[in-house]
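Engineer: Sharing a structure here in structure tokens format.
The values are calculated or read from the model by the stated rules, or taken from the named source; none is laboratory data. The model shown is predicted, which means the values in this text are computed figures rather than measured ones. Here the Cβ is made from the backbone with ideal geometry for all residues, glycine too, and neighbour counts use every protein chain on show. All accessible areas refer to the heavy atoms of the entire protein, side chains included, with ligands and DNA or RNA removed. Shrake-Rupley method; radii C 1.70, N 1.55, O 1.52, S 1.80 Å.
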Amino acid sequence: MLELNYALNLIIKGIEGTLSDLGFQVEYPEGIQKPELPVATIGNKSVIMYRGEKGRVRIEYENNKLALFIARADESDAPDDDMPRISLSLLELESFDERDLKYIFEEYIETLEKNFSNKNSMAGKKLPTPVSRTQAKSGALSYDANTLGSRFTTIYPELRDEYKLNIETYGEFLAEDFFTNHGNALVIETIRENDKVKMRKLFNLLNDIYEDGTNDTQSLVGVTILGVSLADNPELIDNAKSYFSDTMNEPVSEIINYLRKSKGARMRLDNPPVYKPKKEKKKGMLSSMLGM
């Protein structure tokens, strides 16, 4: 059995070298100083916060779960409590030991290096700024394709370099290219594996983006990602549909059924028009994506 402060201290010690190398420093809450643990109590949560020129890192413990949140300085102005969550782990103090904690912080180290290492930078180029959850929920802005792409790579950090290369290549985020050639394979893999934690991560993102996205972004989720992935793999439909939100369920189900039946629609998706930069954005949803 572990005590919470002991467990959090081991995690802090485990990742402090990596965070220091990446330019982050831990933030001591008001009224707390060394050698005390830099842990803030916010409601039922225990929170550890790191800041640096590259962004912010936040660790939260609540109800036997440990969550890692990341916000890059060049992408997000979201408040500390609205940062994208990229990892959720069980931390059952009654049954865990130091080996379990080592597994958690080693995973954190790998994730932090993938997201903040200079090797993954675009030679100093600023990436497009995603729409924050606060902006979307308030109605100030709607989620766009870049926001989906950026947040998708917090779930699948192995695609972060491909996301940046896509923007570098086209001068903007070309979502159809990114998901068709890279992202959809991981979507299919996740749905096939049907792990509850991974499925919730993926569909929490897709449902959220669909709910408050532009028409084009809804088309991206409904047609380019789920429609194509599931029409090609009908045996996975039942796995996925149980995670669809009420808003997404009917239109996306219709798209999947249409694509399964229409060879012409599939041909148009498989042979899209040649990319032309700065062309006027497409409008509509299913009809625009299928060239109708």
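Engineer: Taking the Cα centre of region 29-159 as origin, work out the dipole magnitude from +1 charges on Lys and Arg Cβ and -1 charges on Asp and Glu Cβ, in debye rounded to 20.
Structural biologist: The calculation lands at about 560 debye.
Engineer: Let me ask another. In region 107-205, if the dipole is taken from +1 on Lys/Arg beta carbons and -1 on Asp/Glu beta carbons about the Cα centre, which of T190, L112, G139 is farthest to the positive end?
Structural biologist: My answer, from the dipole projection, is G139.
Engineer: Only Lys, Arg, Asp and Glu count, each charged at its Cβ (+1, +1, -1, -1), so figure out the dipole size of the chain about its Cα centre, rounded to 20 debye.
Structural biologist: It comes to approximately 1160 debye.
Engineer: Would you grab the residues whose amide H sits under 5 Å from the one on S87? Only those 5+ places off in sequence or on another chain, please, with H modelled 1.01 Å from N.
Structural biologist: Those qualifying (amide H under 5 Å, at least 5 residues apart or on another chain) are L68.
Engineer: Let me ask you something else. Roughly how tilted is helix 196-211, in degrees to the nearest 10 and between 0 and 90, from the longest Cα axis of the chain?
Structural biologist: Tilt of helix 196-211: around 60 degrees.
Engineer: Using alpha carbons only, how many degrees (0 to 90, rounded to 10) separate the axis of helix 98-116 from the longest principal axis of the chain?
Structural biologist: The angle comes out at about 60 degrees.
Engineer: Moving on. Give me Rg over Rh for region 207-263, both radii from the alpha carbons and Rh done the Kirkwood way, two decimal places.
Structural biologist: My calculation of the ratio gives 0.94.
Engineer: For the chain, take the longest principal axis of its alpha carbons; what is the angle in degrees between that and the long axis of helix 246-261, to the nearest 10 within 0 to 90?
Structural biologist: Once rounded, the angle reads 50 degrees.
Engineer: What is the ratio of the Cα radius of gyration of the chain to 2.2 N^0.38 Å, with N the residue count, to two decimals?
Structural biologist: This ratio for the chain stands at 1.08.
Engineer: Something else: Along each principal axis of its Cα atoms, how long is region 131-263 end to end? Whole angstroms, biggest number first, please.
Structural biologist: Projected onto the principal axes, the Cα atoms of region 131-263 cover 36, 32, 32 Å.
Engineer: Cα convex hull of region 1-114: how many Å³ per residue?
Structural biologist: Once divided by residue count, the hull of region 1-114 is 104 Å³.
Engineer: For region 52-109, give the percent of accessible area contributed by carbon and sulfur heavy atoms, probe 1.4 Å, rounded to a whole number.
Structural biologist: Carbon and sulfur together cover 46 percent of it.
Engineer: Quick one: in region 94-178, what % of C-alpha pairs are over 21 Å apart?
Structural biologist: More than 21 Å apart: 44 percent of the Cα pairs in region 94-178.
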